[in-house]
Amino acid sequence: MFYAFDLEIPRSTTQAAPLQVDLPLNEGIISRVGIGYPDGCGGLAQLQLLRFERQVFPTNPNSHFQWNGEAIWWDEYLPLVDTPFSLKANAWNTDDTTQHTITVWVSVVPFDVYWRLAPSKALDRQLRRAFGLPSL
């Protein structure tokens, strides 16, 4: 499953009162994440992604993403086993003139697909046990 979310961040949105958007996903494992910053953002549009009110991307607390004219991607392993199956975007825009739109992409692999593709039976058993899932 591949999700795309456009975040329209109004001008002069502060970090103290960010735009907060729920990004609904399905149960599974987040396997890849991307963030697209079009030309013109100039590093003025910032983003954090949270899960259960805890910042997960970027990983280091109190940091944020900001770019101009770039799309960044990374491989990830973040199981979504508890509802709600979502992330929350905190975004702000220090540009006092222009609204900026950034895009968040998330790939979620369903558990049944992931387990079939697991690199080894031993790893498969360990992961299933760790997440309380039945053996196949």
Under 15 Å from the Cβ of Arg32, count the other residues' Cβ atoms, weight Lys and Arg +1, Asp and Glu -1, and hand me the total. -2
For the chain, with every protein chain kept in place, what is the accessible area per residue (1.4 Å probe, Å²)? 55 Å²
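May I ask for the equivalent-ellipsoid semi-axes of the range 26-65, computed as the square root of five times each C-alpha gyration tensor eigenvalue and listed largest first in whole Å? Please report the intermediate quantities before stating the final value.
Numbers: eigenvalues 95, 42, 11 Å².
After diagonalising the Cα gyration tensor, the semi-axes are 22, 14, 8 Å.
Quick check: from the Cα gyration tensor, does the range 59-102 come out rounded (a/c under 1.5), prolate or oblate? Don't jump to the answer; show the numbers that get you there.
Details: a/c = 2.31, a/b = 1.79, b/c = 1.29.
Since a/c reaches 1.5 and a/b is larger than b/c, the shape of the range 59-102 is classed as prolate.
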Where does the Debye-calculated log10 I(q)/I(0) of the chain sit at q = 0.09 Å⁻¹, using only Cα point scatterers of equal weight, no solvent? -0.31
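Among the chymotrypsin sites (Phe, Trp or Tyr not before Pro) within the range 26-128, which fall in a DSSP loop and have no more than 10 other Cβ atoms within 10 Å of their own Cβ? List each step's numbers first, then the result.
Numbers: sites: Phe52, Phe65, Trp67, Trp73, Trp74, Tyr77, Phe85, Trp92, Trp105, Phe111, Tyr114, Trp115; in loops: Phe52, Trp67, Phe85.
Qualifying residues, ordered by number: Phe52.
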The range 10-104: GluC sites (Glu not before Pro) in DSSP loop, at most 12 other beta carbons within 10 Å: Glu53
Of all C-alpha pairs within the range 1-79, those more than 17 angstrom apart amount in percent to 50 percent
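Would you mind telling me the share, in percent, of accessible area of the chain contributed by carbon and sulfur at probe 1.4 angstrom? Present the calculation step by step, with values, prior to reporting the outcome.
Numbers: 3890 of 7540 Å².
The computed percentage sits at 52.
The values are calculated or read from the model by the stated rules, or taken from the named source; none is laboratory data. The shown structure was predicted, so the numbers you read here are calculated from the model rather than taken from an experiment. Because the Cβ atoms are built from the backbone with ideal geometry, glycine has one as well, and the counts that use them run over all protein chains shown. All accessible areas refer to the heavy atoms of the entire protein, side chains included, with ligands and DNA or RNA removed. Shrake-Rupley method; radii C 1.70, N 1.55, O 1.52, S 1.80 Å.
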